[in-house]
Amino acid sequence: MLSPTQPIARKFAPIVAVLCVFSLFGLCRELNASGPTELLRYEISWNGSKAGHGDITAKREANQVMVTVQAVSDGVLKKIIEAWSRVQATFAAKTFQPKKYDFAFRSNLGDPELVALTFDHDKSMVQVSKQRGTECENHQEKCSALYDPITATYLLRSQKDLTKPLFVDIYDGKDKARLFVTPAGQGPVQIKKGAHQAFRLDLRLVKLGGDKKEIATGKLWISNDEHRIPLLLTSSPIVGTIRCELVDSQL
């Protein structure tokens, strides 16, 4: 039987990883052909209390981009669970076609979870491998016009005009969902690093198929300058309010 905290552990850690991925939208500048690794560091709070921290690193090599997102529980959440999650993705630099996507989650309350996606665009298929504890699953699915969460955010990032509504369809090996991005004006936003002029974008994630259930909503602030750095993300998924705030960056 699951303990009362196990459902929280299983729901919260994947949400942390996805929220870190959302913050990639508008990431800094274009990566050079073989440029240095870029690093963004965020502090994560849950319902007003410190809950974790996450790092995003991105590097371009040859014609592909490799991104790693890591998040660990901290503060008040660590008193409930000790959780760690990592997302790694590789996609084509020019076409944004996803190549590989790997998600890993561990906690002290349940079995580790792994999800791996390998895309074959010639056949419009994606190989899905999933493991939770000793349970394994392998199958193929159609992947036409579907992107893993990281590649999807970079695809949105490539759109230069932030004054028009956008959307992209996402598949993480579990659910298919559509991320809607709606411009919500410009103005100052206050974070720990000070006040910054920013674009505000409203986010809405809706499950595709079935009842089209809304999974989460959020607000994202991106610096209104040449860097377009994601400064702050607030989101209201099914387990409460989560806030991701930029605390450090190396460009």
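Assorted remarks:
- Some residue of the range 69-77 being part of a helix (DSSP H, G or I), modelled with pLDDT under 85 and more than 27 Å from K174 (Cα to Cα): yes
- If you check Q88, Q64 for being farther than 22 Å from S144 by Cβ and in contact with a Lys or Arg (Cβ under 8 Å, 6 or more places away or on another chain), only one passes: Q88.
- Scope the range 172-192; condition among the charged types (D, E, K, R) and exposed (fewer than 13 other Cβ atoms within 10 Å of the Cβ); matching residues: K174, K192
- Scanning the range 52-88 for residues that are more than 21 Å from T153 (Cβ to Cβ) and touching a helix residue (DSSP H, G or I) at 6+ places or on another chain (Cβ under 6 Å) yields I81, A83.
- Qualifying positions in the range 61-73 - surrounded by 19 or more Cβ atoms within 10 Å (Cβ to Cβ) and either on the phi > 0 side of the Ramachandran plot or not aliphatic (A, V, I, L, M) (or both): S73
- Residues of the range 118-128 that are touching a residue at least 24 places away in the same chain (Cβ under 8 Å) and touching a Ser or Thr at 6+ places or on another chain (Cβ under 8 Å): V126 alone.
- The residue that is modelled with the lowest pLDDT, counting only those in the range 84-142 that are outside any strand (DSSP E or B) and hydrophobic (A, V, I, L, M, F, W, C), is L109.
- Residue within the range 31-38 that is at pLDDT 80 or above, part of a strand (DSSP E or B) and either more than 19 Å from the chain's Cα centre (by Cα) or surrounded by 18 or more Cβ atoms within 10 Å (Cβ to Cβ) (or both) present: no
- Taken across the range 106-118, residues that are surrounded by fewer than 18 Cβ atoms within 10 Å (Cβ to Cβ) and touching a His at 6+ places or on another chain (Cβ under 8 Å) do not occur at all.
- Check on A51, among the hydrophobic types (A, V, I, L, M, F, W, C), closer than 25 Å to V181 by Cβ and modelled with pLDDT under 85: yes
- With respect to the conditions (1) more than 30 Å from W221 (Cβ to Cβ); (2) in contact (Cβ under 8 Å) with a residue 12 or more places away in the chain; (3) in contact with a Ser or Thr (Cβ under 6 Å, 6 or more places away or on another chain), N138 lacks only one, and its number is (2).
- Identity of the residue in the range 160-184, assigned to a loop (DSSP other than H, G, I, E, B) and closer than 24 Å to L114 by Cα, that ends up nearest to the chain's Cα centre (by Cα): D172
- Evaluation of S49 against (1) of a type in the set (S, T, N, Q); (2) surrounded by fewer than 18 Cβ atoms within 10 Å (Cβ to Cβ); (3) out of contact with any helix residue (DSSP H, G or I) (no Cβ under 8 Å at 6 or more places or on another chain) (one fails), failing number: (3)
- All of (1) without any contact (Cβ under 8 Å) to a residue 60 or more places away in the chain; (2) surrounded by 16 or more Cβ atoms within 10 Å (Cβ to Cβ); (3) among the acidic types (D, E) hold for D169 with one exception: (2).
- Condition check for G187: free of Cβ contacts under 8 Å to residues at least 60 places away in the same chain and part of a loop (DSSP other than H, G, I, E, B): no
The values are calculated or read from the model by the stated rules, or taken from the named source; none is laboratory data. Note that the structure is predicted; figures quoted are calculated from it, not measured. Neighbour counts are summed over all protein chains in view; Cβ atoms, including those assigned to glycine, are modelled from backbone coordinates with ideal geometry.
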